[in-house]
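The values are calculated or read from the model by the stated rules, or taken from the named source; none is laboratory data. All values reported here derive from a predicted model rather than from experimental measurement. Every residue, glycine among them, receives a Cβ derived from its backbone with ideal geometry; neighbour counts consider all protein chains shown. Remember, those area values only see protein heavy atoms, side chains included, never the ligands or the DNA or RNA. Shrake-Rupley method; radii C 1.70, N 1.55, O 1.52, S 1.80 Å.
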Amino acid sequence: SIAVMNLANGEILSLVSRPTFNSNDFVNELEKNKWEKIKKDTGKPLFHRSSMGTYPPGSIFKLIVVIAAFELQDFDPNKKFFCNGGYQFGDQVFHCWNEKGHGFINCEDAISMSCDCYFYDLSLKVGIDKISKVANLFGLGKPYLDDIYASSPGLIPTKKWKKKKYNQAWTKSDTIVASIGQGFALATPLQLAVMIGRIATDGKEINPTILK
């Protein structure tokens, strides 16, 4: 899937979903054999991945954690954190993608290197409540273009959501995993385009539109 948006006005320039089908087949009466082929295609060509496909956002979500951190009075983006390739939390070790570690890094270094351990540590200082709040402000957790397309709201987890869904308390381990866009969090490609659009415009509330 590819989602391309004009940041000046939110106009969608492209929403690509693959595999797809030949839309010309639907112009007149659809041949039965073609319809059966589309229906039985295991690639689900009728499923619009840009607006309906929900996936763990991954490391792009680290930007949300950083923005949330700036709400903390004692957050210093220049403060150095040491990454040795693993983050010890209780009897658990959460690994960085770089097994050898990144050494001493500040916030800017952590973003550019996508250091997992830095964000594990930072997320515990920020907390899931602030992270979820900022994620929603930057466009995650809500559907777009749902007046035209089937659209999923994705999922930005909270303590309340987990209690309702699983009757379990939110844990700090949940926060650690969420900090790198894994765990319960789900987003559509279109939502991530909106999120990056709002970051790139210093928080302008960009909303995608198909209609001029």
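Annotation: amide H-H contacts under 5 Å for MET5 (H modelled 1.01 Å from N, sequence separation of 5 or more, or interchain): LEU13.
Say we join alpha carbon atoms closer than 10 Å with springs in a Gaussian network model of the chain; which of PRO153, PRO57, PRO77 then has the biggest fluctuation? Greatest mean-square fluctuation among the candidates belongs to PRO77.
Placing +1 on the Cβ of every Lys and Arg and -1 on the Cβ of every Asp and Glu, with nothing else charged, gives region 1-109 a dipole about its Cα centre of roughly 520 debye. Within straight-line reach of LYS130, meaning a Cα separation under 12 Å, sit the following aspartates and glutamates at least 8 residues removed in sequence or on another chain: GLU71. Counting lysine pairs in region 1-121 whose alpha carbons fall under 29 angstrom apart, excluding pairs fewer than 8 residues apart on the same chain, gives 8.
The GNM of the chain, with springs linking C-alpha atoms under 10 angstrom apart, assigns the highest mean-square fluctuation among GLU11, GLU29, GLU108 to GLU29.
How many angstrom lie between the C-alpha centres of region 26-40 and region 123-146? One Cα centre to the other: 40 Å.
Helical content of the chain, expressed as a calculated mean residue ellipticity at 222 nm, amounts to -9500 deg cm²/dmol (DSSP H runs of 4 or more residues, -39,500 (n - 2.57) each, divided by residue number, nearest 500).
At q = 0.14 Å⁻¹, what is the log10 ratio I(q)/I(0) for the chain, with the Debye formula run over Cα points and no solvent? The Cα Debye sum returns log10 ratios of -0.90. Overall shape of region 1-80 was characterised from the C-alpha gyration tensor. The equivalent ellipsoid obtained from it has semi-axes of 43, 15, 8 Å, in decreasing order.
Treat region 48-127 as a sphere of radius equal to its Kirkwood radius over Cα pairs and apply Stokes-Einstein at 25 °C in a medium of 0.890 mPa s; give the translational diffusion coefficient in µm²/s, rounded to a whole number.
Values: Rh = 13.5 Å.
It comes out at roughly 181 µm²/s.
For the chain, what does the accessible surface come to per residue with a 1.4 Å probe? Please give it in Å². Display every interim value, and only then the final one.
Numbers: 12200 Å² over 212 residues.
For the chain, the solvent-accessible area averages 58 Å² per residue.
With the largest listed first and rounded to whole Å, the semi-axes of the equivalent ellipsoid of region 159-198 from the Cα gyration tensor are 24, 12, 8.
The convex hull built on the alpha-carbon positions of region 138-212 has an orientation-averaged projected area of 6.2 nm².
Give, as a single signed number, the net charge of other residues whose beta carbon lies under 15 Å from the beta carbon of ASN207, with Lys and Arg counted +1 and Asp and Glu -1. Within the 15 Å Cβ shell, the charges total 0. For region 122-170, the carbon plus sulfur part of the accessible surface works out to 52%, probe radius 1.4 Å.
I'd like to know how region 96-170 sits against the 2.2 N^0.38 Å rule of thumb: what's its Cα Rg over that expected value? Walk me through the numbers before you get to the answer.
On the way: Rg = 16.3 Å, N = 75, 2.2 N^0.38 = 11.3 Å.
Dividing the Cα radius of gyration by 2.2 N^0.38 Å gives 1.44.
Structure remark: mean-square fluctuation, Gaussian network model of the chain, C-alpha springs under 10 Å; the largest value among VAL194, VAL27, VAL65 belongs to VAL27. Restriction of the trypsin sites (Lys or Arg not before Pro) in region 46-154 to DSSP coil positions whose beta-carbon has at most 15 other beta-carbons within 10 angstrom yields LYS79, LYS80, LYS100. Dimensions of region 34-80 from C-alpha coordinates, computed as largest minus smallest value along each principal axis and given longest first, are 61, 18, 9 Å.
Magnitude of the charge dipole for the chain, about its Cα centre and with charges confined to Cβ atoms of Lys, Arg (+1) and Asp, Glu (-1), is about 600 debye.
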